[in-house]
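Data first, discussion second: the structure below is written as structure tokens.
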Amino acid sequence: DLLSLLDDASVSFIALNPPFHVGAAVYEGVAARLRLSKAQRLALARYATPWPQQGSARQVAATVQPIAQVRQWLLLRGDADTLRAQWAALEDWDAPEFPVSGRHILAMGIDAGPSVARVLGETRRRWIAEDFPGEPRAHEIAQAVARELG
């Protein structure tokens, strides 16, 4: 329901004070003065950021949780064409679970520590960019990344 997305005070604030009229520093100052929680500050910063020019709404949603914030962000910052094209893609959709874990990376011979995080992060980024392929492809991506970064 579109109206329920407007219940959030952060959304109302951004809607009344569009980011192109004031700078990011203004939002940071307001957040500090209002003593907003960290989650509220992050949401406010996200809403003040332009909608990404690359990737589908689902790909963006996979990196932003909760999903309701993605819909709010799209509503506030997406242009009319993006809004029309991407809104329906988010209806009744949840980001799939990433099928690769740290233990998979370790099994490929990558030493425990920051290297595992780098390989896992890059694997996830590529998995999202390929629009969430199944587990076999996700493991192929992980192996390629492990060879490149490992």
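For the criterion of being in a helix (DSSP H, G or I), surrounded by fewer than 15 Cβ atoms within 10 Å (Cβ to Cβ), of a type in the set (A, V, I, L, M, F, W, C) and out of contact with any Cys (no Cβ under 8 Å at 6 or more places or on another chain), residue 146 fails.
Taken over segment 27-80, the residue count meeting the criterion of being outside any loop (DSSP other than H, G, I, E, B), exposed (fewer than 15 other Cβ atoms within 10 Å of the Cβ) and among the polar types (S, T, N, Q) is 1. On the stretch given as segment 113-135, residues that are loosely packed, with under 13 Cβ neighbours inside 10 Å, under 12 Å from residue 98 (Cα atoms) and not charged (D, E, K, R) total 2.
For every residue, the table says whether it meets (1) in contact with a helix residue (DSSP H, G or I) (Cβ under 7 Å, 6 or more places away or on another chain); (2) touching a residue at least 24 places away in the same chain (Cβ under 8 Å).
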position	(1), (2)
52	yes, no
57	yes, yes
67	yes, yes
80	no, no
83	yes, no
97	no, no
101	no, no
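Restricted to segment 95-105, and to residues there that are in a helix (DSSP H, G or I) and either among the aromatic types (Phe, Trp, Tyr) or surrounded by fewer than 16 Cβ atoms within 10 Å (Cβ to Cβ) (or both), the residue that is nearest to the chain's Cα centre (by Cα) is 102.
We did not get these values from a lab; they are worked out from the coordinates using the rules stated. Model, not experiment: these values are computed from the prediction. As a convention, Cβ positions derive from the backbone with ideal geometry for all residues, glycine included, and neighbour counts pool all protein chains shown.
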